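Here's the structure we're looking at; comments come further down.
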Amino acid sequence: MTAYRELEARFRRIGALKGTIRMLEWGQAAMMPPGGAAAPPACGGRAGRSRRGAFARHLRQRHLS
């Protein structure tokens, strides 16, 4: 693989990761209906949002730094 093709592949991966991070951050910041934060983690309650935020931070630190 040429250096240019490797660079293209890397930029595609970075773009995909950035898109994933934006989606996870949006999901974390989205408005919850009344009582929605009390839902169990498996249903996307507070603990679920916390894990999504942690995953977004992990992606950002590991792959975009």
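The values are calculated or read from the model by the stated rules, or taken from the named source; none is laboratory data. Computed from a predicted structure; not experimentally measured. Cβ: placed from backbone, ideal geometry, glycine included. Neighbour counts: every protein chain shown.
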Study note, to complete from the structure: Sole miss for HIS63 among (1) modelled with pLDDT of 75 or more; (2) touching a Leu at 6+ places or on another chain (Cβ under 6 Å) is condition (1)
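Considering only the stretch 3-20, how many residues are of a type in the set (Lys, Arg) and more than 13 Å from HIS63 (Cα to Cα)? Write out each step before concluding.
In the first step, residues of the stretch 3-20 are kept if they are of a type in the set (Lys, Arg); the result is 5, 10, 12-13, 18.
Narrowing the set further to residues that are more than 13 Å from HIS63 (Cα to Cα) leaves 5.
Summing the residues that are of a type in the set (Lys, Arg) and more than 13 Å from HIS63 (Cα to Cα) in the stretch 3-20 gives 1.
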Exercise for review: Within the stretch 18-60, track down each residue that is modelled with pLDDT under 65 and either touching a Phe, Trp or Tyr at 6+ places or on another chain (Cβ under 7 Å) or not in a helix (DSSP H, G or I) (or both).
Suggested key: MET31, MET32, PRO33, PRO34, GLY35, ALA39, PRO40, GLY44, GLY45
